Each structure stands twice: as structure tokens, then as C-alpha cells.
Amino acid sequence: MTFVDKNFPILLAALLLLWFCARGRYWTRLGLLLVASFYFYGYQHGWWLAVMLGYCVVDWGTGLWLERTRHRRAVLALGVSFNLTVLCFWKYTPLLLSTLTALVGWPSADFDAALADGWIIPMGVSFYTFMGIAYMVDVYRGVTPVERNFWRYSLFTSFFPHLVAGPILRASEFLHHLRPESLPLRPTLSWEAGFLIARGFFKKMVLADTIAAAIDPFFANVSDVSTAGVWALPYVWLYALQIYFDFSGYTDIARGLGLCFGFRWPENFNWPYLATSIQDFWRRWHMTLSRFLRDYLYIPLGGNRHGPWRAALALMVTMLLGGLWHGASWTFMLWGGIHGLLLVVNRLWGMTALHARLAALGGAPGAIWTGMRIALSFHAVCFAWCFFRLTNLKDSFTCLEKWIYFDADKWWVGGAADGTLWLLLGIYALATAAAVYLTRGARLAEVSAQFAARSLVRGALWGNTAALLFMAWALSPVGHNSPFIYFAF
Amino acid sequence: MRLPCVRSLADMNESVPQPAWQRCGTFVFGLALGLVVTLAFGEFFVRLRMPEDLLPYLGAASPLTGIYKPDPALRTDYRSFAEFRAMNPELFDQFGSLDATPRTWVVLGPSFARALGVAMQAQMPDHRIYPYIRDMSGAGKDRFHQWVAQARLLLAQGLRPERIFVVLIPQEVSRYSELPLDWVGVSAGGAMTLGYRRPAGPIGALLDVSRMGLLAWTRSTLRKPPYAKRTKYITENVPDEVTSDFRRMFGVLGETSRQYRVPVTLVLLPDHRQILHPSNFALQRTLVPLAQAAGLDVFDFAPSVLAQPDKSVLYQPDSHYTEQGDALLLSELRAHLARSTPPP
């Protein structure tokens with residue numbers, strides 16, 4: 001099931017009601033969440049549940065074993081290897097076989113095609129794999145205590161709001177809150193939760209899907225004669241916005257749903273396209289993945305501890321694997337490699353004297369320099385998105401070529417030239433800017449707390465939330481309700 | 001930190017403690033304010049950029065253009081053959097003028113008709129088959145009344161086929177339980193328009209003035225007639241209103257058949273649910289006598305399919321027929337034609 005499934009609101013309403021009725025009974029509440037999560041996950045393919053439960057058993061068991069054994073390193077390696085092997089099997093078997101076919105002619109291309117057609121990757125497997133690895137490593141490091149109850153651990157992995165596309169949570173952020181003394185007693189239907197859900201649906205169903213409807217034909221035919229001479233850059237800008245609205249919309253809904261049940265989870269996005277460098281971008285984009293890659297891959301690979309060259313190597317390896325994690329295509333790896341390279345360049349640039357002088361600029365020159373850094377970072381990210389969006393290398397390069405070579409009369413044509421789409425984005429940007437100005441950039445939780453006792457503003461906020469939710473449904477483009485992009489990963 | 005809007009709005013509002021009823025009233029007022037202001041942005045946007053799926057519901061005011069003219073019986077008819085022909089240029093160009101005289105069969109209907117037509121082309125090279133004539137201009141897919149209009153148009157244009165086949169599937173019948181024939185209309189520009197259930201009172205008035213409200217209404221199941229809810233499976237229960245629509249359309253088809261002395265066979269296909277799961281055949285029991293009474297030849301494929309030992313091999317996963325299914329359909333249809341006496 002997904003959040004945009006027509007049966008999802010029924011599941012959610014029933015669960016909230018039952019959860020409300022079950023207040024005070026710890027195991028009933030835990031069981032309810034677990035059953036709902038299993039139902040949510042097994043809704044499309046029942047066997048996905050078996051895969052996920054297999055992960056739960058191994059990761060939970062590894063945690064217990066780590067506590068008792070003297071060979072902690074070996075046990076951890078075993079647990080992590082299991083997670084990665086199963087993940088690689090599901091995600092990379094078709095890619096591996098098709099690469100083998102291309103290199104040595106075995107197996108046959110027909111076999112590869114048939115396999116790829118029927119190959120179904122369990123939804124969200126990458127996300128719960130990472131959560132499991134993070135848990136085992138944290139137990140190994142002594143950062144988190146071992147969870148002794150299997151069902152509690154299973155809920156940590158399988159809780160439906162974060163199950164499919166994150167945020168990637170640590171034990172301290174969620175598992176510990178499932179204990180009897182911390183598990184919330186009743187649903188907390190706060191404005192903050194409602195607003196997050198409404199905003200998430202609006203971002204996904206209106207903004208991302210409307211952009212998708214406008215740009216998908218271009219990317220589908222990027223090497224085709226029908227797009228010859230068309231300027232690709234506006235399409236790439238729009239794709240950058242689409243993936244942001246799509247993924248941050250999902251995260252908003254996940255965090256909002258978590259809040260409904262009393263769980264506050266970390267943010268995953270912090271104005272990523274306002275980043276002033278690639279390094280800054282990765283501090284703002286998919287923050288829980290960046291954090292995971294840093295703590296469980298980059299630092300174990302040596303991090304900054306062994307000089308700049310070793311750090312650069314660790315960075316490249318981390319980003320290449322991070323890219324490959326996104327999907328079974330070499331272009332994803334290339335996407336990660338580009339980011340790795342940009343990060344290395346970024347780091348080297350940070351060591352120069354010119355960088356220090358420019359960073360010290362104040363006033364108007366400083367503002368101009370900051371604006372240039374934002375524009376440059378955004379376009380570097382857009383450059384890499386070409387390899388992410390188009391999983392055929394030739395198409396990616398054609399798209400990049402069309403950044404520079406285009407016909408003068410086709411610089412602003414097709415879906416990207418749809419004025420009303422830009423108007424929609426403009427209205428959203430203005431509304432967001434107004435909200436940031438009025439709240440002085442305060443976090444939603446602070447806004448919510450300050451307005452709690454003020455009935456007029458509280459009413460207006462709830463009204464705005466209800467309207468946003470209604471508009472998410474009413475304004476979504478029919479026929480373009482695609483699944484969340486990150487569901488594929 | 002105190003937020004500026006807290007100072008400006010809330011302090012003004014609640015510097016003095018308010019009683020509960022007043023707080024409640026203020027909350028409701030705020031709620032309405034938040035709703036209206038946000039929805040106003042949505043309404044502004046919808047008016048600026050009308051979603052395509054809203055346009056057919058705007059009635060005569062719809063900016064859509066098309067190739068239709070109003071018709072008292074079928075609600076829509078084609079304005080001219082030239083415009084209709086332009087939608088299927090390859091097909092009509094392939095056969096040249098309509099009055100050429102090899103043995104001609106015309107197959108009208110949904111995607112099942114295409115498969116049947118293709119099977120006919122393969123197995124009957126002595127026939128000229130018009131296998132699949134599409135009307136791409138309507139709101140959504142072709143519907144049964146359009147196929148009736150197409151038959152009438154082709155005959156009026158001089159085509160004299162040996163026989164016309166109109167394929168009807170249960171899903172097609174069920175579409176009339178969601179959009180009755182009388183709700184179909186034609187815009188000023190000649191496009192097909194669709195009606196919706198308009199509630200009385202303030203909601204109806206709101207739908208008249210708010211495009212976003214109308215959009216939401218027409219995207220929901222609320223737009224459908226009340227009897228749509230009762231019809232979970234059209235194969236088991238055909239509402240009287242739908243029966244009445246088909247009586248009308250069969251009547252036009254029968255009259256056309258008699259007028260031009262061209263026999264019409266209604267090919268009634270069961271859906272795969274009827275065949276693969278225990279089900280009843282109320283739809284067939286209702287429609288077969290109705291079509292026969294209108295003077296149409298009816299071929300009901302259901303008994304032939306039910307008689308097959310392994311029915312599942314006849315269906316693809318998407319519920320269309322497999323090659324084997326299409327071959328069976330054609331052979332049974334030909335056997336039916338051989339048995340049936342030509343209409344007077």
C-alpha cells in the first residue's frame with residue numbers, strides 16, 4: 001500500500017480510532033501498530049512481509065548475539081553481510097546478469113529481459129536494510145542498548161510511515177520510544193501533524209505530479225527527433241524541483257503520520273537548493289541518508305583521519321556506493337561518482353586562499369558571491385540529476401548536450417514553457433516565503449506551540465491545513481498520479 | 001522568541017481572557033478565514049489553468065471543440081463524414097471509396113472489437129474488414145452510442161457492408177450506470193460534454209460558481225447518479241435506467257439496419273469475472289431480448305466460453321482474450337452466422 005492508495009485513509013482512521021480506544025494497554029497498542037504495518041506492507045505482495053520479517057529476525061538476533069559473544073566483530077560482519085547480500089540480490093541481480101550478458105554473452109538477452117520483466121524488488125528494502133545495519137553497528141559500538149523484545153524491534157523496522165522511503169531512523173530516534181514508559185498513550189492530532197501531512201500531499205500530488213506531467217514527455221524522448229533543438233535546462237530545473245517536492249512531500253507525510261502517533265522524527269530536507277556548496281547540499285538533502293553514509297561508511301573508511309587523499313578516496317567510495325544504493329543502473333553510480341568528485345573539488349577549493357578571501361566578503365559583494373555560490377551549486381546538482389533521471393547513458397549525455405546546443409526558436413518550448421506551471425510554483429514559493437517571514441523561520445513545532453492557545457490563529461492554521469489537503473486532491477493532475485520516486489529505491 | 005504574527009493577530013484577539021463559547025467562535029471564524037483564503041488561491045489557479053478533465057463538465061460553456069452535433073436520440077451525432085474520416089485516415093485510405101463492392105464487414109466497438117477484426121482479417125482474406133474505427137475526439141473513450149452513430153454515419157455515406165458487428169462488453173454497459181445517456185451533450189464548439197449529479201441547495205449553487213468545487217465534485221463518485229452505487233457488478237444487476245438507455249440505442253441501431261437493409265449483429269461478450277468466478281448472467285438476460293426486440297441479430301458468446309473445459313487459457317492477465325480466445329470467438333461467431341437466418 002502507499003499513502004496515495006484510496007484505502008490508506010481508511011486504514012489510518014481505523015488505526016487511530018483503535019489506538020485511541022486502546023490507551024493504557026501497552027501490548028495492545030504495540031500490536032495494533034504492528035498489525036497495521038504488516039497489513040500496509042503486505043497489501044500488494046504478501047511475500048514482501050516474509051523478506052522484511054527475515055531481516056527483523058536476523059538483525060534482532062545479531063543484536064542479542066553481539067551482547068553475549070566475545071567475537072563481536074565477526075558477528076557484526078555476519079549480520080551486516082546478511083543485510084547487504086539480501087539487498088544486493090534483490091536490487092542488483094538483473095543488472096549483474098545484463099552486464100554479464102554484455103561482457104561474456106551469458107546468459108541470453110531473452111533470459112535477462114524475461115527476468116527483468118518479472119523481477120519485483122520488495123518496496124523499501126534499501127531503507128529497512130540501512131536501519132537494520134545502523135542498529136547493529138550502534139549496538140556493537142555500545143551507542144544503543146540491545147532490544148530484547150522481538151516485536152518491539154519488528155515495529156521499529158516495519159512501522160508504516162517510515163517503512164517505504166524513510167527517514168532512516170536510529171534506535172535512539174524511534175526504538176527507544178517504543179518502550180512502555182515512552183510509548184505515547186493516545187494519538188496526538190496536533191496542527192503540526194496535520195499540516196505536515198497536508199503539505200506533503202500537496203507537494204506530491206499537485207506540485208511534483210504537475211511538473212511530472214509537463215516534463216516526462218521530454219525525458220522520454222530526449223534522444224528523439226521530437227525534442228531536437230529544444231533547450232534542456234528548464235526541464236532539468238523542473239526535474240530538480242519535481243524530485244524535491246516528491247521526496248520531501250513523502251517525508252512530510254511520514255513525519256506527520258509519526259507525529260499523529262506521538263513520534264517526532266528528524267527532518268530530511270532543509271532548503272537543499274539554497275545550499276552554497278555541494279558539501280552544504282548534502283547537509284540539507286536526504287539528511288538521514290547523508291548521516292547514515294557519513295557515520296556507517298565514510299568514517300569507518302577512515303574519514304578525515306588519514307590525510308586529504310585518503311579522505312578524498314573515502315568520499316569517492318562513499319558516494320559511489322551511495323549512488324549505487326539508489327538503483328540498479330550504472331548511471332546511478334555515475335551520479336554518486338559525480339557528487340563524490342564535486343565534494344572532493346569542493347573540499348580542495350575550501351583549502352585555497354581565494355576561497356578564504358571570498359568567504360570574508362561582506363555587504364553587497366558578499367551577498368552577490370553567496371548568490372553565485374547558490375546558483376553554481378544548484379546547477380552542479382542539476383548536472384548530476386541528468387544521470388539520475390535518465391538511466392541510459394547516451395540519453396544523459398544528449399540531455400547535457402542540449403544544455404548548450406539548442407535552436408534559438410526552441411529555447412523555451414513544450415511542457416517547460418507552460419506559464420501556469422511556473423505560476424503555480426511562483427504562488428507556492430511566495431506563500432512559503434510569506435510563511436517564513438511571518439514566523440521568522442521558526443520550526444513548525446515552535447509555531448505550533450506558540451499558537452496553541454490563540455484560537456483565531458489556531459483556527460486559521462487548521463483552516464489552511466484543511467484547504468491544503470482538499471486542494472492536494474482537487475488539483476492533482478488526472479492520469480499523472482505516479483508513485484513516489486523514492487519508492488523505487 | 002515570539003513570532004510577529006502572534007503579536008499582530010493573537011494579542012489583539014486575546015489580550016483579555018475570553019469565555020469558552022467566545023474562544024470556540026473565534027476558532028471557527030479563524031477556521032473559515034483560513035479555508036477561504038487558501039481556497040481562493042486554488043480557485044484562482046484553476047480558473048487560470050482549467051484541468052483537462054474539468055472541461056467536459058462545463059456544458060455549453062466548455063471551450064472544447066469537436067466534431068459533434070446534438071442528436072435527439074443518441075445525444076451526439078457526427079457533424080460530417082469528412083471530419084470523422086480524418087480521425088481514421090489510414091483505415092479509410094486503405095479501402096478507397098466506401099462504395100467499392102467486395103464483401104465487407106464492419107466491426108465497431110472497444111479493444112475487443114479490434115482483436116476480433118484482426119482475427120477476421122487473418123482468416124477471411126476474401127472479405128474487406130473495417131476492423132477498428134476509432135473516435136479519438138470524445139471526452140474519454142468511445143462509448144456505445146458513438147458506435148451506433150458511426151454505423152449510421154457509414155451507411156448514410158453509402159457504405160453497404162454485408163454485415164455490421166457491434167461488440168458490447170459488460171464494462172461498456174456499466175459506464176451508462178455512471179453516466180446516463182441523457183447526461184451526454186454537445187458544447188458550442190462541437191465537443192462532447194458530460195453531465196453530473198447536481199445536488200440541490202447550497203452545494204449545487206457552489207458548484208455553479210466555483211470551478212475548483214466542480215472539479216472536486218466531478219472527480220469524486222458524488223458526480224454519479226444514485227443508482228451507480230447499487231450496481232457493484234453490472235453483470236448481476238442492470239438498473240432500469242441503464243436498460244432504458246440501451247433500449248433507446250438498440251432501437252436506433254435496429255432502425256438504421258432496417259432503413260439501409262444491412263444486418264447488424266450485436267456481439268455480446270461476457271467479462272472474465274463472469275466466466276472464471278461463480279456469477280450470474282443478468283446482463284445477458286436483460287440485453288439479449290432487448291436487442292432482439294429492436295430487430296438486431298444477437299450473438300451471445302457466454303455459452304460458448306462456459307462450454308470450454310479450460311476457460312483460463314482464453315484470457316490474458318489484463319482480461320482481454322488470448323489468441324486462442326479470439327479464434328474461438330470468431331469460429332463461434334461464424335457458426336452463429338451460418339445458423340441464423342438473414343433479417344428481412
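Just so it is clear, none of the values below were taken in a lab; they were calculated from the coordinates. Worth saying up front: this structure is predicted, and the values here are computed from it rather than measured. Quick reminder, even Gly has a Cβ in these numbers, built from the backbone with ideal geometry, and neighbours come from all protein chains shown.
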Tell me, what HN-Hα J-couplings in whole Hz come from the Karplus equation 6.51 cos²θ - 1.76 cosθ + 1.60 at θ = phi - 60° for each residue of region B:198-203, using x for Gly and Pro? 9, x, 7, x, x, 5
Report, largest value first, the span of the C-alpha coordinates of the protein assembly as shown along each principal axis, in whole Å. 95, 78, 66
Do any of A:Lys204/A:Lys394; A:Lys203/B:Lys69; A:Lys203/A:Lys410; A:Lys6/A:Lys91; A:Lys6/A:Lys410 go past 31 Å between their Cα atoms, and which? A:Lys203/B:Lys69; A:Lys6/A:Lys410
Full-extension gain between B:Lys69 and B:Ser111, please, as 0.36 nm times their residue separation minus the C-alpha to C-alpha distance. 12.6 nm
Quick check for me: using +1 on Lys/Arg Cβ and -1 on Asp/Glu Cβ, what's the dipole size of the protein assembly as shown about its Cα centre, in debye to the nearest 20? 2560
How much length would be gained if the chain were fully extended between A:Ala445 and A:Trp369, taking 0.36 nm per residue of separation minus their Cα-Cα distance, in nm to one decimal? 24.1 nm
Other-chain or far-sequence residues with amide H under 5 Å of B:Asp77's (modelled H): B:Lys69, B:Asp71
Using a Förster distance of 30 Å, how high is the FRET efficiency between A:Ala360 and A:Trp271, based on the Cβ-Cβ distance and rounded to 0.05? 0.80
Starting from the alpha-carbon convex hull of region A:319-362, give the projected area averaged over all orientations, in nm². 3.6
If the chain between B:Arg261 and B:Thr243 were fully extended at 0.36 nm per residue, the gain over the current Cα-Cα distance would be 3.9 nm
Assuming 0.692 mPa s and 37 °C, estimate D for region A:8-178 with Stokes-Einstein, Rh taken as the Kirkwood radius over Cα pairs, in µm²/s. 186
Can you classify region A:278-381 as rounded, prolate or oblate using the Cα gyration tensor, where a ≥ b ≥ c are the square roots of its eigenvalues, rounded means a/c under 1.5, and otherwise it's prolate if a/b beats b/c and oblate if not? prolate
According to the Kirkwood expression over distinct Cα-Cα pairs, how big is the hydrodynamic radius of region A:14-70, in Å? 13.3
Calculated P(r) of region A:86-167 - Cα pairs past 22 Å, %: 45
If you take every residue apart from B:Arg223 with its C-beta less than 15 Å away from the C-beta of B:Arg223, what net charge results, scoring Lys and Arg +1 and Asp and Glu -1? +3
Paramagnetic reach from A:Leu64 in region A:112-153 [backbone N under 13 Å; point 7 Å along Cα→Cβ]: A:146-153
Quick one: plug the Kirkwood hydrodynamic radius of chain A (C-alpha pairs) into Stokes-Einstein at 4 °C, 1.567 mPa s, and report D in µm²/s. 53
Run the dipole for region B:218-275 about the Cα centre, Lys and Arg Cβ at +1, Asp and Glu Cβ at -1, nothing else charged, and hand back the magnitude in debye, nearest 20. 240
Give, as ranges by residue number, the residues of region B:161-180 whose backbone N falls under 19 Å from the point 7 Å along Cα→Cβ of B:Tyr227. B:169-180
Largest-first principal axis extents, alpha carbons of chain B, Å: 92, 47, 37
Starting from the 7 Å offset along Cα-to-Cβ, what nm value, one decimal, do you get for the label separation of B:Gln18 and A:Arg310? 6.5
If amide H atoms are modeled at 1.01 Å from N in the peptide plane, then the residues at a separation of 5 or more from B:Val298, or on another chain, having amide H under 5 Å from its own are B:Leu266
What percent does the relative contact order of chain A come to when contacts are Cα pairs within less than 8 Å and at least six residues apart? 19
Mind putting a number on the dipole of chain A about its Cα centre? Charges go on the C-beta only, +1 for Lys and Arg and -1 for Asp and Glu, and I need it in Debye to the nearest 20. 1900
From the Cα gyration tensor of region A:327-438, with a ≥ b ≥ c the square roots of its eigenvalues, which class applies: rounded if a/c is under 1.5, or else prolate if a/b is larger than b/c, or else oblate? oblate
For region A:125-195, which trypsin sites (Lys or Arg not before Pro) are in a loop by DSSP, counting at most 14 other Cβ atoms within 10 Å? A:Arg148
Inter-probe distance in nm under a simple model that places probes 7 Å from Cα toward Cβ, at B:Arg197 and B:His277: 2.3
For region A:23-28, in order, what is each residue's ³J(HN,Hα) by Karplus, 6.51 cos²θ - 1.76 cosθ + 1.60 with θ = phi - 60°, in whole Hz (x at glycine and Pro)? 4, x, 9, 4, 5, 5
How large is the helix-only mean residue ellipticity at 222 nm for the protein assembly as shown, computed as the sum of -39500 (n - 2.57) over DSSP H runs with n ≥ 4, divided by its residue count, in deg cm²/dmol to the nearest 500? -19000 deg cm²/dmol
Residue by residue through region B:109-118, the couplings from Karplus 6.51 cos²θ - 1.76 cosθ + 1.60 with θ = phi - 60°, in Hz, x for Gly and Pro, are x, x, 4, 4, 5, 5, 4, 5, x, 5
quick shape note, region A:191-284: Cα extents on principal axes in Å, largest first -> 53, 30, 15
